[in-house]
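Here, each number is a calculation from the coordinates, and none is a lab measurement. Computed from a predicted model, the values in this text were never measured in an experiment. Note that each Cβ is placed from the backbone with ideal geometry, even for glycine, and that neighbours are counted across all protein chains shown.
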Amino acid sequence: MSDPGLSAYLLLGALLFVCGALCMATKRNAIGVLIGVELVLNGANVNFMAFSWFNPTFRVEGQIFALFVIVMAAAEAAIALAIVLNFYNNYTSVDVDIAEQLKG
Amino acid sequence: MTLTQFLFWTIAALTGLSAIMVVLTQNIVRAAAWLLFTLAGTAGIYFLLGSDFIGATQLIVYVGGTLVLVVFGVMLTAQGPFVNMKAGAGDWAVSLIVGVALYAVLAVSTLLTAWTGEYPEPVDERSSANVIVLGQALTGIREVQPRTVLAAQRGYTRVSYILPFEIVSVHLVVVLVGAAYLARARRRTSRMPEGVGG
């Protein structure tokens with residue numbers, strides 16, 4: 001039924017992962033970094049779902065892991081945005097280069 | 001080209017292009033908009049992979065919840081110079097090289113691996129992981145065929161995900177209380193010194 005094969009899905013997941021990693025590395029806006037994290041988690045989820053489809057013994061487990069990842073991503077977005085808003089209140093900026101107070 | 005192939009390549013192209021545009025665009029509002037298309041395309045991929053429940057959850061939680069959260073964050077913090085924050089040309093060159101190299105490594109290792117079970121059997125109604133099977137697995141009602149000798153001696157085994165489910169639930173409550181505590185409205189009592197604030 002699913003003709004494209006496992007490798008096609010894994011390549012899509014890898015593309016999402018690389019885009020997220022690059023997004024985390026290049027964006028100076030803290031919310032841009034958060035968007036990158038979301039992309040990375042989505043790439044991992046695509047892999048989970050692909051393996052759950054192509055490996056019948058992993059069918060339920062892959063979907064449950066994907067559900068846990070989705071919940072974790074929601075929690076992470078909430079706490080990260082709270083931190084970003086607090087940072088913005090203190091510094092009136094969301095530039096991650098400014099957050100260097102902990103630099104040793 | 002079958003319908004499944006056509007759907008997969010269309011949705012995958014849309015998702016991949018949107019993900020690349022998230023990286024390339026400098027405007028944070030546009031990045032959030034491209035992220036919307038990426039998440040919706042990922043939901044389409046989940047539908048193609050035969051799990052309608054996860055696709056619907058992706059649409060509801062990600063597109064409906066997390067993305068709205070991100071857009072609110074953008075709106076609350078996007079003022080003038082923070083909408084467009086450009087990275088330097090050197091940063092772009094380095095990140096482009098690193099990204100292409102990383103993707104090459106992942107793609108080559110994916111294509112060179114001999115994956116077994118490449119073409120799955122068509123699933124029947126009972127074994128497809130619909131919401132009933134997922135709920136049974138989460139609460140530990142689902143019985144699975146034992147695969148090891150030791151488990152086969154005891155008969156059917158039950159695989160339960162109720163402990164991770166509880167941990168995730170408590171985690172979500174703690175995180176949301178913490179987020180509400182961190183982001184609560186309060187008067188700024190003392191500003192940071194100018195030297196620290198940059």
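Can you bin the stretch A:1-83 into rounded, prolate or oblate? Criterion: square roots of the alpha carbon gyration tensor eigenvalues sorted a ≥ b ≥ c, rounded for a/c under 1.5, prolate for a/b above b/c, oblate for the rest.
On the way: a/c = 4.67, a/b = 1.67, b/c = 2.80.
Cα axes put the stretch A:1-83 in the oblate bin.
Could you please rank B:Thr2, B:Thr15, placing first whichever residue has the fewest other Cβ atoms within 10 Å of its Cβ? Walk me through the intermediate numbers first.
Values: B:Thr2 11, B:Thr15 25.
In order of increasing Cβ crowding within 10 Å: B:Thr2, B:Thr15.
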Can you compute 3J(HN,Hα) from phi for each residue in the stretch B:35-50, using the Karplus curve 6.51 cos²θ - 1.76 cosθ + 1.60 with θ = phi - 60°, rounded to whole Hz and x for Gly and Pro? 4, 4, 5, 4, 5, 5, x, 5, 4, x, 4, 5, 4, 5, 7, x
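To make sure I understand, if each residue's beta carbon is the centre and we count other beta carbons within 10 Å, what order do B:Thr38, A:Thr57, B:Thr77 fall in, fewest to most?
On the way: B:Thr38 28, A:Thr57 11, B:Thr77 22.
Placing the least packed residue first, the sequence is A:Thr57, B:Thr77, B:Thr38.
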For a label point 7 angstrom out from the Cα of B:Val168 toward its Cβ, which stretches of the stretch A:34-56 have the backbone nitrogen within less than 18 Å? A:38-53
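For peptide B:59-67, how many partner chain Cβ atoms fall within 10 Å of a residue's Cβ, on average? Please list the in-between numbers first.
Values: counts 0, 1, 6, 8, 0, 0, 5, 11, 3.
Rounded to a whole number, the mean comes out at 4.
Using alpha carbon coordinates only, what is the Rg to Rh ratio of the stretch B:34-112, with Rh defined as the Kirkwood radius? Let's see the in-between values first.
On the way: Rg = 17.4 Å, Rh = 15.6 Å.
Taking Rg over the Kirkwood Rh, I get 1.11.
Using only DSSP helix segments of four residues or longer, with each worth -39500 (n - 2.57), what per-residue ellipticity at 222 nm results for chain A after dividing by its residue count and rounding to 500?
Numbers: 3 runs with 80 residues, N = 104.
The helix-only estimate for chain A comes to -27500 deg cm²/dmol at 222 nm.
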Quick one: length gained pulling B:Leu7 to B:Ala180 fully straight, 0.36 nm per residue minus the C-alpha distance? 58.2 nm
